[in-house]
Amino acid sequence: MPNTDIPNGSSRLRSLTLVPHESGLATRDFKSDQEVRWCPGCGDYAILAAFQSFLPSLEVPRENIVVVSGIGCSSRLPYYVNSYGMHSIHGRAPAIASGLAASRRDLSVWVITGDGDALSIGGNHLIHALRRNVNIKILLFNNRIYGLTKGQYSPTSERGKVTKSTPFGSLDEPFNPVSLALGAGASFVARSVDSDRKHLQSVLRAAADHEGAAFIEVFQNCPIFNDDAFAGVKQPSAPGLIRLSHGSPIRFGPEESMGLTLGAYGALEAVPASSVPSSSLVTHDETLEDPSYAFALSRLDNGDFSHTPIGVFRSVERPSYDSLMASQISEAQAASSHTDGDGDVDALAALIAGNDTWEVA
Amino acid sequence: MTKQVQELDHVIIRFAGDSGDGMQLTGDRFTQETAIFGNDLSTLPNFPAEIRAPAGTLPGVSSFQLHFADHDILTPGDAPDVLVAMNPAALAANLKDLPRGADLIVNTDEFTKRNLSKAGYDANPLDDDSIAQAYSLHPVPLTSLTVKALEDIDITRKDAERAKNMFALGLLSWLYGRPAEGTLAFLEAKFGKKPEVYKANVTAFQAGWSYGETTEDFSVRYEVKAASLARGKYRNITGNTALSYGLIAASKLSKLPLFLGSYPITPASDVLHELAKHKRFGVRTFQAEDEIAAVGSALGAAFGGSLAVTTTSGPGMVLKAETVGLAVSVELPLIVCDIQRAGPSTGMPTKTEQADLLMALFGRNGESPVPVVAAASPSDCFHAAIEAARIAVTYRTPVVLLSDGYLANGSEPWRIPEISSLPDLSAEFAFTTSPNPADNGGGFQPFRRDPATLARPWAIPGTPGLEHRIGGIEKADGAGSISYDPVNHDLMVRTRQAKIDGIAASIPDLEVDDPDGDARVLVLGWGSTYGSIGAAARRVRRAGHPVAQAHLRHLNPFPANLGDVLRRYDKILVPEINLGQLALLLRGKFLVDVISYNRVRGLPFRAAELAEAIEEVITHA
């Protein structure tokens, strides 16, 4: 087994400090020999292309990248990336990736999931992976529909959605994935859009520069069962699209005429920027320990895309589970009198003998 | 006063009280004293699932039975020679198991009107001559004697009363000449930081001992000589501890880091607790959010090259089934420990059963063969865990290791093995291209198989040149890419089955114990019934009837000679703590009309009832 605990010493992205370094890789190195089989026009193609052309910038050898997915259209992605990968079972990718990342700190582990996979059948694993803060990066492709099972409403579909399983309209309220992740205590939460490669890659990079669990919701179009679900934010000049940038005043709308102010009970309100003193306009800060502001940002989006922030909502430093686990082990080993070689055998013999033994002659 | 000493060859003691009375601790300590003394022993803890059932009620009764002897014994014993009843409920719940003439020690202080009524007694049964006539009754005001002994110690009356279990332990330790040093050291370690509590427990223990010496009620003390066991160094061990140590040993023997993904569940949690202590061995324990994540995290760690384990009981096995199926499909090593308990559903969490066998074999969708290994005794859990690991890493497969509540909590003396006597698990594999050619032959094939074992390469992330994708979708033979080809699927289904069937080549033949070689009846068991069946077979043979005994460790695949063994006997009796699951397998696979013997009470078999069943079969053979 490769040594997992030698820092590579370079000024690497923060999730990669124990991962080997290799430069000079190209996009083609991450394309597998498998034929990509999504429907024509699927947003997954754009996300795959953005992901493959992003991976070389990590400067991590292919063999140290692992992509783990669940079940669903998006979860086919690992087959198309020439790294190690596991296409697992419905909803369980965060659990499988957690075990892998907790035991192998020399890997860069990515989870690919969808709205049904992560928020319905795998909801429990998602929130606990985020709470636990294992060093995994979770990309949730949100198309607000079940694609692979041919078009039932999903936990992010708007209420009243008419589908095969809800001919009279769906009855339940959708999840807001960003709100959910923030509520679960995620240390890194972001959102991007399938068609905006530059933005998506910047968010992927920010996630890789975060030690611990990172959650990225990607708006993804399903042209077959839910076409144009995200039309409201697809145009760069979309009036409701709010591009978050750490340290910058939040401005959006026609000619950046709109801004945000802090309203009652911590809610954020969209106002014409000229209507208030500039000191009242909110400047984005993704590093706030208190998640209230990030949560208020996530609640701006009520489903109609009138105000939809994209970018990094929250990025705070918190020890990752795997680093804490490794510290406990190394402390226990340092405190132990037995070290390696025959010491191992002695330690094992001492363990199984325990303290209360007797001899039969 | 010098007391008469009577020598016995074996004794069965049952401590019974309220679940708040510390009966498990009392039993554990008496067991430890007995182990150090050198008797052979076997224990049966029996406690309610409720942490504190309403005090004084029948559901709240907790008991601990210990059988110790001057010779080797196999079971915790059928019926106690001595019952210690700490309250009326303990008496009511256990009296039916007590044979006439047995010693009965009762804590008379607890026989109040209120407690009698909670136990369902209209009148005090101790006032009734029938008990005094049937048993050797020793009424002892345990609580008040304890409180009186502790009156100079600065603790509350309630705390003083709580030490009454140590008074009882002291009395019994005197009665059977047990060495006290271990208990005194234990109390110091446990209560050393609370001097008054420590003093109270030691004083209560000594008061119990002195009470035995001075009171005329106990005119005889007993002696059970040390057993002549095989030479070596011994310790006492429970099944869950042995299983935990077996996993750590397997990690060292395979040179693979140990990863446990687990979710707390009775009676398996103690394996998680034990392994969590041993981080110095590089053990990673991951308490997951549920049973599914527990096995999922383990499978992820297996993908990364760990010796991966998940531990659970029946209800958790059900939840893990889908992931175990994925492990079958991706062909990664995974040890799934099912510490069985009485089912279905929640069943009786603290009671034992063997009814998960068919689930272990078949409880998944599709053709999903999984090797199954079962431990036969508490200490055997150590070796069974190593065997499960051997199969998992050699054949790249999930393996189900079956233990049960009786083995998990029961204990016995264990001759501690030399580390050098344990199998080397590191030679069988390496994280290389094998069985692909070293140069990959132009492309790494993750499902190219070793011709001998049919195992595929265990190529872990971080290994250059072996990048590959695996998943639950059917894979093309060799290349491992997605395949919906009908012929390929048929081949893969058969190949996965052949790989598991082929494990039989690596397991020893089933040995039959037939001392005179003339038996016509075979008793065949598996798992935790080993001791009861062995004890029953001894009884039958002592009565002059030849009987053969064999015990299966491998339930899938079976040992290669099993069919031959079955055909050698006129009649085959298969005792199981289920409704005949092994029997169903034997009939289906070998067309042999075995006779099932089944009791599903949440308790081990009694040797006497099994002996009777065996004799019945012999009579009609």
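The values are calculated or read from the model by the stated rules, or taken from the named source; none is laboratory data. Keep in mind that this is a model prediction, so the values were computed, not measured. Cβ coordinates were reconstructed from backbone atoms using ideal geometry, including for glycine residues, and neighbour counts include every protein chain displayed. For accessibility, only protein heavy atoms count, side chains too; no ligands or nucleic acids. Shrake-Rupley method; radii C 1.70, N 1.55, O 1.52, S 1.80 Å.
Please go through segment B:32-58 and pick out each residue that is in a helix (DSSP H, G or I), of a type in the set (Val, Ile, Thr) and in contact with a Pro (Cβ under 8 Å, 6 or more places away or on another chain).
Taking segment B:32-58 as the starting set, the residues that turn out to be in a helix (DSSP H, G or I) are B:32-37, B:58.
Add one more test, that the residue is of a type in the set (Val, Ile, Thr), and what stays is B:34, B:36.
Once the filter is applied, which keeps residues that are in a helix (DSSP H, G or I), of a type in the set (Val, Ile, Thr) and in contact with a Pro (Cβ under 8 Å, 6 or more places away or on another chain), segment B:32-58 yields only B:ILE36.
Evaluate the following for B:PRO417: is it within 11 Å of chain A (Cβ to nearest Cβ), assigned to a loop (DSSP other than H, G, I, E, B), within 33 Å of the chain's Cα centre (by Cα) and at pLDDT 90 or above?
yes
Just for segment A:34-69: of the residues that are buried (at least 22 other Cβ atoms within 10 Å of the Cβ) and polar (S, T, N, Q), which one is farthest from A:PRO94 (Cα to Cα)?
Per the criteria, the residue is A:ASN64.
Please go through segment B:475-491 and give me each residue that is touching a residue at least 24 places away in the same chain (Cβ under 8 Å) and either touching a helix residue (DSSP H, G or I) at 6+ places or on another chain (Cβ under 9 Å) or away from every other protein chain (no Cβ under 12 Å) (or both), ordered by number.
B:LYS475, B:ALA476, B:ASP477, B:GLY478
Is it the case that some residue within segment A:96-116 is closer than 23 Å to A:ARG14 by Cβ and aromatic (Phe, Trp, Tyr)?
So far as segment A:96-116 goes, yes, one or more of its residues are closer than 23 Å to A:ARG14 by Cβ and aromatic (Phe, Trp, Tyr).
Output the number of residues of segment A:211-244 satisfying the condition of being on the phi > 0 side of the Ramachandran plot and touching a strand residue (DSSP E or B) at 6+ places or on another chain (Cβ under 8 Å).
Final tally of qualifying residues: 1.
Within segment A:20-56, track down each residue that is away from chain B (no Cβ under 11 Å) and of a type in the set (Ser, Thr, Tyr).
Initial filter on segment A:20-56 (away from chain B (no Cβ under 11 Å)): A:21, A:23-28, A:31, A:36, A:38-56.
Hits for segment A:20-56 are A:SER23, A:THR27, A:TYR45, A:SER53.
I'd like the residue in segment A:104-125 that is part of a helix (DSSP H, G or I) and free of Cβ contacts under 8 Å to residues at least 60 places away in the same chain and, out of all such residues, is surrounded by the most Cβ atoms within 10 Å (Cβ to Cβ).
Step one: filter segment A:104-125 for residues part of a helix (DSSP H, G or I), giving A:115-121, A:123-125.
When the remaining residues are screened for being free of Cβ contacts under 8 Å to residues at least 60 places away in the same chain, the result is A:116-118, A:120-121, A:123-125.
Working: A:GLY116: 31, A:ASP117: 33, A:ALA118: 36, A:SER120: 16, A:ILE121: 18, A:GLY123: 16, A:ASN124: 17, A:HIS125: 29.
The qualifying residue surrounded by the most Cβ atoms within 10 Å (Cβ to Cβ) is A:ALA118.
If we scan segment B:222-240, do we find a residue that is at pLDDT 95 or above, under 30 Å from A:ASN124 (Cα atoms), at the interface with chain A (Cβ under 8 Å from one of its Cβ atoms) and open to solvent by less than 30 Å² (accessible area, probe 1.4 Å)?
No: segment B:222-240 contains no residue that is at pLDDT 95 or above, under 30 Å from A:ASN124 (Cα atoms), at the interface with chain A (Cβ under 8 Å from one of its Cβ atoms) and open to solvent by less than 30 Å² (accessible area, probe 1.4 Å).
Select from segment B:1-55 the residues that are more than 22 Å from the chain's Cα centre (by Cα), aliphatic (A, V, I, L, M) and over 20 Å from B:ALA535 (Cα atoms) and list them in ascending order.
Hits for segment B:1-55 are B:MET1, B:VAL5, B:ALA53, B:ALA55.
Out of the residues in segment B:581-609 meeting the condition of being touching a Phe, Trp or Tyr at 6+ places or on another chain (Cβ under 7 Å) and crowded, with 21+ Cβ neighbours inside 10 Å, tell me which one is farthest from B:GLY544 (Cα to Cα).
Once the filter is applied, the top-ranked residue is B:LEU582.
If A:ASN143 passes every condition in (1) surrounded by fewer than 24 Cβ atoms within 10 Å (Cβ to Cβ); (2) under 16 Å from the mean Cα position of the chain (by Cα); (3) over 23 Å from A:GLY185 (Cα atoms); (4) more than 14 Å from chain B (Cβ to nearest Cβ) but one, which one does it miss?
Here A:ASN143 clears every test but (1).
Residues A:SER98, A:SER154: which one is within 11 Å of chain B (Cβ to nearest Cβ), surrounded by 24 or more Cβ atoms within 10 Å (Cβ to Cβ) and among the hydroxyl-bearing types (Ser, Thr, Tyr)?
Details: A:SER154 fails: within 11 Å of chain B (Cβ to nearest Cβ).
Just one listed residue meets the conditions, A:SER98.
Going through A:GLU59, A:GLU63 one at a time, which residue ends up being more than 8 Å from every other protein chain (Cβ to nearest Cβ), more than 16 Å from the chain's Cα centre (by Cα) and of a type in the set (Asp, Glu)? Give the steps one after another, and end with the answer.
Numbers: A:GLU63 fails: more than 8 Å from every other protein chain (Cβ to nearest Cβ).
When all the criteria are applied, what remains is A:GLU59.
Within the bounds of segment B:272-291, is there any residue that is under 21 Å from B:GLY347 (Cβ atoms), aliphatic (A, V, I, L, M) and touching a residue at least 60 places away in the same chain (Cβ under 8 Å)?
no
Collect the residues in segment B:95-116 that are of a type in the set (S, T, N, Q) and open to solvent by 10 Å² or more (accessible area, probe 1.4 Å), keeping them in residue-number order.
Across segment B:95-116, the qualifying residues are B:THR108, B:THR112, B:ASN115.
If B:PRO451 satisfies all but one of (1) more than 14 Å from every other protein chain (Cβ to nearest Cβ); (2) part of a loop (DSSP other than H, G, I, E, B); (3) in contact with a Lys or Arg (Cβ under 8 Å, 6 or more places away or on another chain), what's the number of the condition it fails?
Answer for B:PRO451: the failing condition is (3).
Can you find a residue that is among the aliphatic types (A, V, I, L, M), at pLDDT 95 or above and assigned to a strand (DSSP E or B) anywhere in segment A:219-230?
Looking for residues that are among the aliphatic types (A, V, I, L, M), at pLDDT 95 or above and assigned to a strand (DSSP E or B), one finds none in segment A:219-230, hence no.
Residues to consider are B:ILE507, B:ILE470; find the one that is crowded, with 17+ Cβ neighbours inside 10 Å, within 14 Å of another protein chain (Cβ to nearest Cβ) and at pLDDT 95 or above.
Working: B:ILE507 fails: within 14 Å of another protein chain (Cβ to nearest Cβ).
Unique residue meeting the criteria: B:ILE470.
If the requirement is being within 13 Å of chain B (Cβ to nearest Cβ), open to solvent by 10 Å² or more (accessible area, probe 1.4 Å) and touching a helix residue (DSSP H, G or I) at 6+ places or on another chain (Cβ under 8 Å), which of these qualifies: A:GLY91, A:GLY72?
Step by step, each of A:GLY91, A:GLY72 is checked, and only A:GLY72 is within 13 Å of chain B (Cβ to nearest Cβ), open to solvent by 10 Å² or more (accessible area, probe 1.4 Å) and touching a helix residue (DSSP H, G or I) at 6+ places or on another chain (Cβ under 8 Å).
Which of the helices (runs of 4 or more DSSP H) found entirely inside segment B:150-258 contain at least 2 residues meeting this: of a type in the set (Val, Ile, Thr) and over 30 Å from B:SER306 (Cα atoms)?
Numbers: elements: B:157-162, B:164-175, B:181-191, B:195-214, B:239-254.
Result: B:195-214.
Within segment A:305-315, is even one residue within 14 Å of chain B (Cβ to nearest Cβ), exposed (fewer than 13 other Cβ atoms within 10 Å of the Cβ) and of a type in the set (Gly, Ala, Ser)?
No, that holds for no residue.
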